[in-house]
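For reference, the structure discussed in these notes is given below.
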Amino acid sequence: MNRFQRLHPFTVLAVAAAVVTTTTAAGLWWLSCTVIACALIVAWSAGKSKKLIGLSSAIVLPTFASQLMIHGLASNASFGLTQAGLQTAGELGLRTAVLVVVGLLCALVIDRHQLVAAIDLSKAPAQLGYLVAATLFLLPQLAERQRVISEAQMLRQVKFRRGLRGWFQKVRLQTVPLVLSSLEETANRAPHLAARGFPAAQRMTRLREVPDSKAQRGLRRVSVICFLLLPALLLVPSWMDFA
């Protein structure tokens, strides 16, 4: 068990939520850069830095480009950059980058099985754990099935037409088996849904334990307080000036 699996998933999520909301409310470029740098250091210590950088770049770079096009370029006849526009685009882009990087870091370091078990052991409805598990595992399962279908079609030497008609043919030949396999899995999961309490019945006993401690529970409470109060305290002066 690595160091992150010793942490309760709710602890990681609570700290991340407090950091994102506080950083967004502060709106300071150096604070956003510090949070992003700390997230990269945490990802490096967990061996997830390359994946985090790749996934974040795919989202953050187009966001920065769009913010630059909206705010950075001069709105009058000349096509150029303005200092105020660059500052606005940079601030908004950094706020988005904090949300993306921290969110992806949570997705990479939190064990999905631990998260589902934590939800089951909490006071949340028993159905919520199943829905979260189904959501977290849906995209990887669909991607794996898509890969298997593509490999099977390559082995069968299925030939596609060129152009737009060929693209539609490829989509049809790959989508139909994907949908049919999903429908079959839905039928197979019906007994598991009934066992989970669909419709709701009594609570089920969960044998898997999630590491937790008094210190982590205290940290979660502090993080929730920061999540609720710090953004308001940071934004009150600007609201007063606006009023």
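Here is the size of segment 139-183 from its Cα atoms: Rg then Dmax, 10.9, 30 Å. Taking 7 Å steps out from each Cα toward its Cβ at residue 107 and residue 128 produces label points 2.1 nm apart.
Laboratory data are not the source of any read-out in this text; all were calculated from the coordinates shown. Quick caveat: nothing in here was measured; it's all calculated off a predicted structure. Heads up, the Cβs are rebuilt from the backbone with ideal geometry, glycines too, and the neighbour counts pull from every protein chain shown.
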